[in-house]
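Nothing in this text is a laboratory measurement; each read-out follows from the coordinates by a stated rule. It should be emphasised that the depicted structure is a prediction, and the values quoted were computed from it without experimental measurement. Because the Cβ atoms are built from the backbone with ideal geometry, glycine has one as well, and the counts that use them run over all protein chains shown.
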Amino acid sequence: MRRTVLITGASRGIGHAIAQELGEAGYDLVLNYLHSRTQAEQLQQDLQQRCGIRALAIHADVADEQQVDRMVRQAEEQLGGIDILINNAGVDLANLFRRKSSEEFRRTLDVNVLGAYFCARRVSEHMLEQHYGRIINISSTNGMNTYYPMSIDYDASKAALNSLTHDLAVQFAPDIHVNAVAPGFIGTASELDGYDEEFLRQECEKILVRRYGKPEEVAHLVRFLISDEADFINNTILRIDGGQMGSC
């Protein structure tokens, strides 16, 4: 049976790579976006034509509970219920600690934590009814013990997302499996933007494989975690960081 996957923040970076991976694997997709409408619609058309799947590109701010409900209702009406949720949408409003505003801090928590909660709560209705579901939260090694003072709100949000992962796994057992993937330094356009070569070299020296990761590598792991082969993996935070020192 073909499953339907909702990927939040699907138009760019890791979300885009996950959409490509799962589309090629034959999953129907709901591609959530906030600002990148053109990229999301191009991705939708490409996956439909190339992979022969059903795909929807839907605008919604996951930090807004009503927009989440509208998005899921639209997906249910056109594709049926959501079987698998990938909570990928996130913001990192890096700023010096003394310059970081309460609005920045609040927005980061709203998107990265409340957004994941709103989406999980809404799609869990269908998952529990059918006694099957998978939820993957895209966290970060920043939520464990790899810290950047300029990202104090981001670090806190990812630690909270890890805790939410454990709580939801207990709440939804045994029908829905809830896991998190915690990437380290991944070479997305947004991750590399603004950094000079010397900084990137220093960061790579902290990684045992001596390179930053690829979005496609995160997507491979997500694909495995939602497959039947990973049926005994639940309530777990999986690091994918190349052996990043300080994230153990």
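Tell me, what HN-Hα J-couplings in whole Hz come from the Karplus equation 6.51 cos²θ - 1.76 cosθ + 1.60 at θ = phi - 60° for each residue of the stretch 110-126, using x for Gly and Pro?
Taking θ as phi minus 60°, the curve returns 4, 6, 6, 10, 4, x, 5, 5, 4, 5, 4, 5, 5, 6, 5, 4, 5 Hz for the stretch 110-126.
Could you give me the ³J(HN,Hα) list for the stretch 86-97, computed from phi with Karplus coefficients 6.51, -1.76, 1.60 and θ = phi - 60°, whole Hz, x at Gly and Pro?
Whole-Hz 3J(HN,Hα) from phi for the stretch 86-97: 10, 7, 9, 4, x, 10, 9, 8, 4, 7, 4, 3.
Please compute the modelled spin-label separation between residue 163 and residue 205, points set 7 Å along Cα→Cβ, answer in nm with one decimal.
Between residue 205 and residue 163, the label points sit 3.6 nm apart.
Nearest 20 debye, what's the magnitude of the dipole of the stretch 73-180 about its Cα centre given +1 on Lys and Arg Cβ and -1 on Asp and Glu Cβ?
On the way: 10 positive and 13 negative charges, 92 e Å.
Dipole magnitude for the stretch 73-180 comes out near 440 debye.
So for 224, 118, fewest C-beta neighbours within 10 Å to most, what's the order? Please report the intermediate quantities before stating the final value.
Values: 224 12, 118 24.
Lowest count first: 224, 118.
7 Å from Cα along Cα→Cβ at both residue 49 and residue 214: what's the point-to-point distance in nm?
Those two pseudo-labels are separated by 2.4 nm.
Taking 0.36 nm per intervening residue step and subtracting the Cα-Cα distance, what contour gain separates residue 1 from residue 230 on full extension? Intermediate values should be presented prior to the final figure.
On the way: separation 229, 0.36 × 229 = 82.44 nm, distance 1.71 nm.
Fully extending the segment from residue 1 to residue 230 adds 80.7 nm.
How far is helix 13-24 tilted off the main Cα axis of the chain, in degrees rounded to 10, range 0 to 90?
In the chain, helix 13-24 runs at an angle near 30 degrees to the longest axis.
Sort 178-187, 198-207 for me by packing, meaning the mean count of neighbouring Cβ atoms within 10 Å per residue, highest on top. Let's see the in-between values first.
Numbers: 178-187: 23.4, 198-207: 13.0.
Most protected by this proxy first, the peptides run 178-187, 198-207.
List every residue whose amide H lies under 5 Å from the amide H of residue 186, counting only residues 5 or more places away in sequence or on a different chain, with H placed 1.01 Å from N in the peptide plane.
Amide H neighbours of residue 186, under 5 Å, 5+ apart: 213.
If you take all C-alpha pairs in the chain, what percent of them are over 24 Å apart?
On the way: 13201 of 30628 pairs.
For the chain, the fraction of Cα-Cα distances above 24 Å is 43 percent.
R0 = 35 Å: FRET efficiency of residue 128 with residue 101, Cβ-based, nearest 0.05? Walk me through the numbers before you get to the answer.
Details: r = 39 Å, r/R0 = 1.11.
Once the sixth-power term is evaluated, E becomes 0.35.
Amide H to amide H, which residues 5 or more places from residue 237 or on other chains are under 5 Å from it, using H placed in the peptide plane?
Amide H neighbours of residue 237: 180.
Taking the highest mean first, how do the peptides 226-233, 21-28 order by number of other beta carbon atoms within 10 angstrom per residue? Walk me through the intermediate numbers first.
On the way: 226-233: 11.8, 21-28: 19.2.
Ranked by mean Cβ neighbours within 10 Å, highest first: 21-28, 226-233.
Could you check the spin-label model distance between residue 198 and residue 69? Points 7 Å from the Cα along Cα→Cβ, value in nm.
5.4
Can you give the relative contact order of the chain as a percent, counting alpha carbon pairs under 8 Å and 6+ residues apart?
In percent, rounded to a whole number, it is 19.
Read phi for every residue in the stretch 212-227 and hand back ³J(HN,Hα) as whole Hz from Karplus 6.51 cos²θ - 1.76 cosθ + 1.60, θ = phi - 60°, with x for Gly and Pro.
Ordered by residue, 3J(HN,Hα) equals 7, x, 10, x, 5, 5, 5, 4, 4, 5, 4, 4, 5, 5, 8, 7 Hz.
Once you sort the root eigenvalues of the Cα gyration tensor of the stretch 149-248 as a ≥ b ≥ c, which label holds: rounded (a/c under 1.5), prolate (a/b larger than b/c) or oblate (the other case)? Kindly include the intermediate steps, with their values, before the conclusion.
Values: a/c = 2.55, a/b = 1.74, b/c = 1.46.
It is prolate, given that a/c is not under 1.5 and a/b is the larger ratio.
Going by amide H atoms built from the backbone, whose H comes under 5 Å of the H on residue 57, apart from near neighbours?
For residue 57, the qualifying residues are 31.
How do 109-117, 91-99 rank on mean C-beta neighbours within 10 Å, highest first? Could the numbers behind the result be given before it?
Numbers: 109-117: 22.8, 91-99: 13.0.
Put in order of decreasing packing, that is 109-117, 91-99.
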